[in-house]
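Following: one structure in structure tokens, then a few remarks.
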Amino acid sequence: MRPAVIMAALLALVVPLLLPSTFLYAADSSIKAEELVTKHVDAIGSADARAAAKTRVVQGAAVYRIVVGGGGRLEGKTGLVSEGHKVRFMVKFSQEDYRGENVVFNGDAMGVAFANSNQSRSPFASFLLAQDVIVRDGLLSGALSTAWPLLNVADGKPKLTVEGVKKVDGVSAYQVRYEPRKRGDLQILLYFDQETFRHIKTIYSTSVANNVGASITESVKLQPERTILEERFSDFKTVDGLTLPSHWNLQFTRELPNGSTTISEWDLKEDQITNNMGLDPRNFAVK
């Protein structure tokens, strides 16, 4: 079969596990991080099934809406393509003022396309560029991509700390703090269903003081600028022996220093998941 070039038509859209205990910790929890990771990857599929999936193409429908701070709703397509650590994520809408997102990582460099005809990036895209560990570490899209870091924690060497059980959308879930090898100001929390050990949510958050150039009176009034990206995963389906989410929801929140808040949402329904499709290298070209 000739290699497929997904980006021309919108894509839209493991490896044996090694667990170095030096990077896994447990805090106030009955389960250790090493055991949790083992149960999680086993919930995805057997070691043979994970190792057999070299590439993955995920495609489906996308709905974008502004939840707070405006209005509007767009319908379009989404796609996720991955091969090892390489990944490309796209959402496409037929609007000049917001065409969608196009994020790519080729295993070394990262690129994010402009989102509109004015040649500017969306706040979401700018956040991913500033906090590129989300894409570089393979965290974006969770277990949907072959780049998911928990498939081989020995490679990225993150520090994982189990912080107990929390309620996530009514479900009891283990909260795990993820600290990348190169730490920054980004807080990363992963959530795993306590019963199934499936990854159901990730929260990324930053808080930045904005008092530069402000008077004493103004600085008292200004709040820190907070940015939060939440990913939720549900509707799990089994394909080629791998149980993966077919519903991926992203919610991006910005709390600005003046007190205003904006929340945008991308709701992605994946209707096609294909493993081991031949991929043209241009799918991961960074421009």
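The values are calculated or read from the model by the stated rules, or taken from the named source; none is laboratory data. Note that the coordinates shown come from a computational prediction; the quantities given were computed from them, not determined experimentally. Cβ atoms come from the backbone with ideal geometry, glycine included; neighbour counts cover every protein chain shown. We work out accessible area using only protein heavy atoms, side chains counted, and drop any ligands, DNA or RNA first. Shrake-Rupley method; radii C 1.70, N 1.55, O 1.52, S 1.80 Å.
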Tell me, what % of the accessible area of segment 158-287 is carbon and sulfur with a 1.4 angstrom probe? 47
Would you list Lys159, Lys39, Lys54, Lys182 from the most to the least accessible area, probe 1.4 Å? Lys182, Lys54, Lys39, Lys159
Give a residue-ordered list of calculated ³J(HN,Hα) values for segment 165-178 (Karplus: 6.51 cos²θ - 1.76 cosθ + 1.60, θ = phi - 60°; whole Hz; x for Gly, Pro). 10, 10, 8, 10, 6, x, 10, 6, 9, 6, 9, 10, 7, 10
Calculate the spin-label point distance for Ser120 paired with Lys182, positioning each point 7 Å from the Cα along the beta-carbon direction, and give it in nanometres. 2.9
A correct Karplus calculation of ³J(HN,Hα) over segment 127-136, with 6.51 cos²θ - 1.76 cosθ + 1.60, θ = phi - 60°, whole Hz and x for Gly and Pro, returns 5, 5, 5, 5, 10, 5, 4, 4, 8, 4
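Can you flag which of Lys166/Lys201; Lys54/Lys269; Lys92/Lys201; Lys32/Lys86; Lys92/Lys287; Lys86/Lys269 are past 20 Å Cα-Cα?
Pairs exceeding 20 Å: Lys54/Lys269; Lys92/Lys201; Lys32/Lys86; Lys86/Lys269.
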Asp185 accessible area, assembled protein chains, probe 1.4 Å, Å²: 90
Amide proton proximity set for Val168, modelled H, under 5 Å, gap of 5+: Ala173
What nm value, rounded to one decimal, do you get for the distance between Asp108 and Glu96 when each label is placed 7 Å out toward the C-beta? 3.9
Amide H contacts under 5 Å for His247, restricted to residues at least 5 apart in sequence or on another chain and with H modeled in the peptide plane, are Ser234, Glu270
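Just subtract the alpha-carbon distance of Lys167 and Val67 from 0.36 nm times their residue separation and send over the number in nm, one decimal.
My answer for the length gained is 33.7 nm.
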